[in-house]
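S.K.: Quick one: structure below, then a few questions.
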Amino acid sequence: MTADEISTIKEMPNNDYFVSGHGACPGCGVAIAVNNIMRILGSDTTVYVPASCLIVFSALYPTSAFRTPLLFTAFENTGAVITGIKAAQRRRGIEGTVVGIAGDGGTFDIGLQALSGAAERQEDVLYICVDNEAYMNTGIQRSGSTPFGAWTTTTPVGKVTQGKRQMKKDVMDLVIAHDPEYAATLSIAHYNDFIRKVEKAKHKSGFRFLHVLTPCVPGWRTEASKSVEIAKLAVETGMWTLFEYEEGEARSTYKPHTMRPVTEYLHMQGRFRHMDNDDLNTLQRWLCAKWYYHYGHDVEQPACAIYNGEKELHFDGDPLHGV
Amino acid sequence: MAAQTLAEAAILGGHHAQAFPYFGAERRGAPVRAFTRIDDKRISIRSQIYEPDMVVILDETLLEIDPVVDGLRSNGSAVVNTRKAPSELDIGVSVRCATVDATSVAIEALKAPVVNTAMLGAVAKVLDLVTLENIQKAIADRFGEKLGPRAAEANVLAAQLAYDGTKEGRCLGARSIVQRRMWLPEWDEVPTGVALEPEHIEGVAVGPGSSIQNMTGTWRTSSPKYDREKCIRCLRCWFTCPDVCIKRLEDDHVKVDYRYCKGCGICADVCPVDAIDMVKGVHEW
């Protein structure tokens, strides 16, 4: 890393390329992530956004919240479109970053083939997945990214089934399998880690992939003011792991001192309110395996906490939680 | 959900009724409309309602941006969520009017600014076709089924409180009804974005960066108060503000741009020294 690369909030440029007046819900995690990504990427950036919350709230017709060029076409082709934009710029001799910012639906499910294609061709583009763990823009439908047990409108809670029955897809492993130039997971609550990784991705050339966890207030049934705290708890409980992949090697960039029980993360969100002990144990066991996979079996490794039914998940407050 | 509940209450009162939404964005804060049609005989018409007898406005600020009272005649009526009395309120048509501070009622009863059930309580006071009893029954039914008995109880209470707090009168019709802004450019008027230089784009009504003309500060129900003395200039609030309305000054102190603040409260939550405090209501400092 050279000396003039930024790695803290203080060093960040005070130029906003993502401006006020967009229509995101109060407390939107995607807006936080995109705002800071744009501050770091700067003016020489071309943004492509497929169908997602981001295009709906940042491009309220006829306005745009991006002060850079913004393009939009269909849902499934983020990888292909940013490849094309980069090719056109190369041809015309334009220098700059081409970035595609897709949601989890546009990355995990619908856009996976175009993402895989671009990664395999080692295109010189930056692909960012803002992951809010369901299709929030169309009214909270499950995606490949929705975690186990979560309520969505297509994984309802009732007598027969209770929330999503499958685990979250590990899209980072899929991307890493293409051996990209750079891939990293980001959290909006770990500021310096976030800044350092975006900065690193900006200065590398080749296929770069960033995966950001972005809490969603209406979809996760949370309080608007808690978005950042929830993102932080996601890391502390192991629901989200911060690591980066470069030169053929994955390396964790932040390791929590202790693994907090997953119930601390779940009880802040109405979408998990219904979960019973069996489901909690299933999720916790899966988390433990994920924890060991990322952080290894060190001697100092805290023992994985198995939920024993002591704590109520019930959220007390907004009666609309866990609709 | 309010339109459906109203229809259900009318049916409980022996009327025929139908309810349906206008299809649009399903995002919190987006303007939405829904319709209820009530009759004594079977209803065969299925169209949207263009000439309503009653308009229920859940957010007063819609009057500034949307022709909500379009088609309302002077013999109609309106129910508005506002702190004003009917005689102080100008909705563009002089009609029989009822006002209620449904936001405060909802925050008291539900601990959230979700005003639909409170507004139904106010509607019950004005509309002879439905009684408060039937409204509450319909709320308990619909909300109880979807959200559980605790939510049903809270929403029934909200309707009661709003019913008691509703003021009736006649509102003014001085203002002109805003027409929905239509922008239908010719092919050569469409800005291409990529062709514009960065230094020319500020303040342009369309194209890059033009969303600054949308004043999202009207969404706010609580406001951040910044204490410059306590601030340690860590800039966490600047980093985590989703609406880019915390402006970073030269010396790394911050200033809140209330024109855009939606009042989410993240800045107060992340502040390590409690230099930002969320105050209920719409304020500016």
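S.K.: Starting at the first residue of region B:144-151, write each ³J(HN,Hα) from the Karplus equation 6.51 cos²θ - 1.76 cosθ + 1.60 with θ = phi - 60°, in whole Hz, x for Gly and Pro.
M.R.: x, 5, 8, 10, x, x, 5, 5
S.K.: Would you mind giving the total buried accessible surface between chains B and A, with a 1.4 Å probe and ligands, DNA and RNA left out, rounded to the nearest 100 Å²?
M.R.: On the way: alone 17380 and 14240 Å², together 27250 Å².
By this definition, chains B and A bury close to 4400 Å².
S.K.: While we're here: Rounded, prolate or oblate: which fits region A:1-108 when a ≥ b ≥ c are the square roots of the eigenvalues of the alpha-carbon gyration tensor, with rounded for a/c under 1.5 and prolate only if a/b beats b/c?
M.R.: Details: a/c = 1.65, a/b = 1.06, b/c = 1.55.
Oblate, since a/c reaches 1.5 and b/c is not below a/b.
S.K.: I need the shape label for region A:131-231. Rule: rounded when a/c is under 1.5, else prolate if a/b > b/c, else oblate, with a, b, c from the alpha carbon gyration tensor.
M.R.: oblate
S.K.: Could I ask something else about it? With a Cα-only, solvent-free Debye model of the protein assembly as shown, what are the log10 I(q)/I(0) values at q = 0.10, 0.11 Å⁻¹?
M.R.: Summing over Cα pairs of the protein assembly as shown leads to -0.95, -1.13.
S.K.: Checking buried surface per residue: for region B:227-251, which residues lose a minimum of 50 Å² accessible area in the protein assembly relative to the chain alone (1.4 Å probe)?
M.R.: SASA drop of 50 Å² or more in region B:227-251: B:Trp238, B:Phe239, B:Pro242, B:Val244, B:Arg248.
S.K.: Using the Cα centre of the protein assembly as shown as origin and beta-carbon charges of +1 (Lys, Arg) and -1 (Asp, Glu), tell me which of B:Ala17, B:Gly92, B:Tyr258 is placed farthest towards the positive end of the dipole.
M.R.: In the protein assembly as shown, that residue is B:Ala17.
S.K.: With θ set to phi - 60° and the Karplus curve 6.51 cos²θ - 1.76 cosθ + 1.60, what are the ³J(HN,Hα) couplings of region B:8-19 in order, to the nearest whole Hz, using x for Gly and Pro?
M.R.: 5, 5, 5, 5, 4, x, x, 9, 9, 7, 9, 8
S.K.: Looking at the protein assembly as shown, what % of its DSSP beta bridges pair antiparallel, to the nearest 5?
M.R.: The antiparallel proportion sits near 45 percent.
S.K.: Oh, and also: Within the protein assembly as shown, what whole-number % of the accessible surface is contributed by carbon and sulfur, with the 1.4 Å probe and all protein chains included in the calculation?
M.R.: Its accessible area is 51 percent carbon and sulfur atoms.
S.K.: Something else about it: For chain A, give the magnitude of the charge dipole about the Cα centre (Cβ charges: +1 Lys/Arg, -1 Asp/Glu; no others), in debye to the nearest 20.
M.R.: Working: 31 positive and 37 negative charges, 127 e Å.
My answer is approximately 600 debye.
S.K.: Which of the listed residues, B:Ala7, B:Val80, B:Leu161, is farthest toward the dipole's positive end in region B:2-170, when Lys, Arg count +1 and Asp, Glu count -1 at the beta-carbon?
M.R.: Farthest along the dipole direction, towards plus: B:Ala7.
S.K.: Can you list the residues, at least 5 places off or on another chain, whose amide H is less than 5 Å from the amide H of A:Leu71, using H built in the peptide plane?
M.R.: A:Val47, A:Tyr48, A:Val49
S.K.: Averaged over all directions, how much area does the convex hull of the C-alpha atoms of chain A cover when projected, in nm²? Please list the in-between numbers first.
M.R.: Numbers: hull surface 68.1 nm².
It is 17.0 nm².
S.K.: Report, in debye and to the nearest 20, how large the dipole of the protein assembly as shown comes out about its Cα centre when Lys and Arg carry +1 and Asp and Glu carry -1 on their Cβ.
M.R.: Dipole of the protein assembly as shown, to the nearest 20 debye: 920 debye.
S.K.: Find the centroid of the Cα atoms in region A:21-38 and in region B:148-167, then give the distance between the two in whole Å.
M.R.: Here the two parts' Cα centres lie 34 Å apart.
S.K.: Further, regarding this structure: Could you pull out every residue, at least 5 positions away or on a different chain, whose amide H is within less than 5 Å of the one on A:Thr152? Hs are placed 1.01 Å off N in the peptide plane, and Pro or chain starts have none.
M.R.: A:Lys164
S.K.: Let me ask something else about it. What are the residues of region B:141-163 that lose 30 Å² or more of accessible area, with a 1.4 Å probe, going from their chain alone to all protein chains?
M.R.: Correct list: B:Leu147, B:Arg150.
S.K.: Please quote Rg/Rh for region B:1-122 to two decimal places, taking the Kirkwood radius as Rh and restricting both calculations to Cα atoms. It would help to have the intermediate numbers written out before the result.
M.R.: Numbers: Rg = 14.5 Å, Rh = 15.3 Å.
Value, to two decimals: 0.95.
S.K.: Give the aspartates and glutamates reachable from B:Lys247 as a straight Cα distance under 13 Å; neighbours fewer than 8 places away on the same chain don't count.
M.R.: Straight-line reach from B:Lys247, under 13 Å: A:Asp16, B:Asp257.
S.K.: Hey, another quick one. What number comes out for accessible area per residue over the protein assembly as shown if the probe is 1.4 Å? Units Å², please.
M.R.: Here the residues of the protein assembly as shown average 45 Å² of exposed surface.
S.K.: Let me ask something else. For chain A, with a Gaussian network of springs between Cα atoms less than 10 Å apart, report the residue from A:Val99, A:Val19, A:Val235 with the top mean-square fluctuation.
M.R.: Between A:Val99, A:Val19, A:Val235, it is A:Val19 that shows the largest mean-square fluctuation.
S.K.: For peptide B:212-223, compute the average count of partner chain beta-carbon atoms within 10 Å of each residue's beta-carbon.
M.R.: Neighbouring Cβ atoms belonging to other protein chains average 3 per residue here.
S.K.: Need one number: % antiparallel among DSSP beta bridges in chain A, to the nearest 5.
M.R.: DSSP beta bridges in chain A are roughly 35 percent antiparallel.
S.K.: Probe 1.4 Å, all protein chains in place: accessible area of A:Glu264 in Å², nearest 10?
M.R.: Its heavy atoms expose roughly 40 Å² to the probe.
S.K.: So how do B:Arg175, A:Arg208 rank on accessible area, 1.4 Å probe, biggest first, that is with the largest at the start?
M.R.: B:Arg175, A:Arg208
S.K.: Add -39500 (n - 2.57) for each DSSP H run of 4 or more in the protein assembly as shown, then divide by its residues: what number comes out at 222 nm, to the nearest 500 deg cm²/dmol?
M.R.: -8500 deg cm²/dmol
S.K.: Right, next: Size of the dipole of region B:37-122 about the Cα centre, Lys and Arg at +1 and Asp and Glu at -1 on the beta carbon, nothing else charged, in debye to 20?
M.R.: The dipole of region B:37-122 has a size of about 380 debye.
S.K.: Where a Cα-Cα gap under 30 Å defines reach, which lysines qualify for A:Lys255, not counting those fewer than 8 residues away within the same chain?
M.R.: Hits, sequence-local ones excluded: A:Lys10, A:Lys164, A:Lys168, A:Lys169, A:Lys197, A:Lys200, A:Lys202, A:Lys204, A:Lys226, A:Lys232, A:Lys290, A:Lys311.
S.K.: Could you run the Karplus curve 6.51 cos²θ - 1.76 cosθ + 1.60 with θ = phi - 60° over region A:91-97 and give me ³J(HN,Hα) per residue in whole Hz, x for Gly and Pro?
M.R.: 4, 8, x, 8, 8, x, 8
S.K.: Oh, and also: What residues qualify as long-range amide H neighbours of A:Gln269, i.e. H under 5 Å apart, gap of 5 or more or another chain, H built at 1.01 Å from N?
M.R.: Excluding prolines and chain starts, which carry no amide H, there are no hits.
S.K.: Let me know the shape class of region A:196-277, please: from the alpha-carbon gyration tensor, a ≥ b ≥ c as square roots of the eigenvalues, rounded when a/c is under 1.5, otherwise prolate if a/b is greater than b/c, or oblate.
M.R.: It comes out prolate by the Cα gyration axes.
S.K.: Let me ask another. Dividing the convex hull volume of the alpha carbon atoms of chain B by its residue count, what do you get in Å³ per residue?
M.R.: In chain B, the Cα hull volume divided by residue count equals 174 Å³.
S.K.: Using a 1.4 angstrom probe on protein heavy atoms only, which residues from region A:191-205 are buried by at least 20 Å² of accessible area when all chains are present rather than their own chain alone?
M.R.: Listed in order, they are A:Tyr191.
The values are calculated or read from the model by the stated rules, or taken from the named source; none is laboratory data. The shown structure was predicted, so the numbers you read here are calculated from the model rather than taken from an experiment. Note: ideal-geometry Cβ built from the backbone for every residue, glycine included; neighbour counts use all protein chains shown. Keep in mind that these areas ignore ligands, DNA and RNA; they rest on the heavy atoms of the full protein, side chains included. Shrake-Rupley method; radii C 1.70, N 1.55, O 1.52, S 1.80 Å.
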